[in-house]
Amino acid sequence: MKVLILPDLQAAIARAADIIVKTVQTKPDAVLGLATGGTMLPLYDELAHRHRAGKVSFASTTSFNLDEYIGLSPEHPCSYHHYMQQAFFDHVDIDPARTHLPKGDASDPQAAADDYEARISDAGGIDLQLLGIGQNGHIGFNEPTASLGSRTRIKTLTRSTREANQRYFRSFDETPQYAITTGVATILESRKCLLIATGAAKAEAVARMIEGPLAAVCPASALQLHKRATVVLDAEAAEQLALRDYYETVHPDGRESAFGG
Ligand code: F6R
């Protein structure tokens with residue numbers, strides 16, 4: 001796992017944007033796995049900015065989002081469909097026909113989940129999977145104890161995840177309890193993973209992901225199994241890393257190491 005520690009939020013977002021832009025420049029028809037949440041908002045702003053500046057085009061890319069709430073239509077203002085439209089798709093040249101999110105309002109959500117998994121595979125798999133991390137160590141909506149072999153399916157959200165997401169809804173009771181999420185195994189099959197964590201609230205989960213045991217109780221720790229996983233952190237999110245000095249020696253200022261390791 002490459003652990004890149006940047007001095008602050010802005011630098012971390014710029015570094016993550018560099019990695020995404022490089023992927024798309026190298027492979028213009030890349031299949032991108034996208035994420036939502038607060039962490040991604042400045043990243044999507046930065047990517048839109050680089051697009052407007054003529055530095056990157058998403059015209060030939062395909063995207064698959066990690067997750068969607070069950071019971072919310074794409075038009076619902078709190079749906080991840082709506083989030084993606086507002087935060088990213090409306091600001092870049094991605095072809096709407098090639099953007100995909102799980103169908104949260106499907107009459108048969110598990111069939112929709114199975115279909116989603118098949119569509120990822122039909123697209124040739126994901127080239128770069130973007131990830132955030134929950135304070136409880138979730139990736140996508142793979143909550144603690146999610147099977148490390150899981151595929152796209154329905155997950156029940158934990159109380160702590162619902163509390164964290166309540167800020168987007170009118171009340172806790174209105175915050176969805178179920179979501180369709182790509183599985184841990186689906187995520188691990190991506191050719192590259194890029195996880196971004198910023199802020200002190202993520203420091204404990206980040207330390208468990210990178211330095212804790214590989215365990216379903218911290219689904220993000222599954223990235224320890226991935227051959228090409230990069231974690232981009234700001235200084236606050238890196239606060240609890242025991243081997244921080246080592247990561248900063250290998251990747252000074254979050255740069256690639258001289259030998260790529
Ligand atoms: C969202 C997702 C989640 C978030 C995580 C962090 O698509 O997959 O795993 O990345 O909950 O959310 P924020 O960035 O809001 O702290």
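Worth a mention:
- Cβ-defined net charge surrounding LEU9, 9 Å radius [Lys, Arg +1; Asp, Glu -1]: -3
- Proxy reagent accessibility, fewest Cβ within 10 Å first, across THR198, THR39: THR39, THR198
- Across the range 84-146, the volume of the C-alpha convex hull divided among the residues equals 139 Å³ per residue.
- Using θ = phi - 60° and Karplus 6.51 cos²θ - 1.76 cosθ + 1.60, couplings along the range 31-44 (whole Hz; Gly, Pro as x): 9, 9, x, 10, 10, 10, x, x, 4, 7, 4, x, 5, 5
- For LYS192, nonlocal amide neighbours, meaning residues 5 or more places apart or on other chains whose placed amide H falls under 5 Å from its own, are LEU128, GLN129.
- Net dipole in debye of the range 167-254 [+1 Lys, Arg Cβ; -1 Asp, Glu Cβ; about Cα centre; nearest 20]: 400 debye
- The tail of the calculated P(r) for the range 2-252, taken as Cα-Cα distances beyond 30 Å, holds 20 percent of the pairs.
- Built amide H within the under 5 Å cut-off of HIS100, gap 5+: SER63, PHE64, ASN65
- Length-normalised contact order of the range 2-252 in % [C-alpha pairs under 8 Å, at least 6 apart]: 25 percent
- Taking the number of Cβ atoms within 10 Å of each Cβ as an exposure proxy, the fewest-first ranking of LEU195, LEU243, LEU101 is LEU243, LEU101, LEU195.
- For SER57, SER150, order by how many other beta-carbon atoms lie within 10 Å, fewest first: SER57, SER150
- The mean sequence distance of close C-alpha pairs (under 8 Å, at least 6 residues apart), as a share of the length of the range 1-117, puts its relative contact order at 24 percent.
- Distance-filtered residues of the range 153-192 - backbone nitrogen under 19 Å, label point 7 angstrom along VAL217 Cα→Cβ: 158-161
- For the range 192-207, backbone phi angles converted through the Karplus equation (6.51, -1.76, 1.60; θ = phi - 60°) give residue-by-residue couplings of 9, 10, 10, 9, 10, 9, 9, x, 5, 5, 9, 4, 5, 4, 5, 5 Hz, Gly and Pro being listed as x.
- Euclidean distance of C-alpha centroids, the range 56-84 and the range 205-261, integer Å: 28 Å
- Each DSSP beta bridge with both residues in the chain is either parallel or antiparallel, and the antiparallel ones are about 25%.
- Taking the charge dipole of the chain about its Cα centre, with +1 at Lys and Arg Cβ atoms and -1 at Asp and Glu Cβ atoms, the residue from SER147, SER107, ALA48 reaching farthest to the positive side is SER147.
Laboratory data are not the source of any read-out in this text; all were calculated from the coordinates shown. No experiment lies behind these values; they were computed from the predicted model shown. Virtual Cβ from ideal backbone geometry, glycine too; neighbours counted across all protein chains shown.
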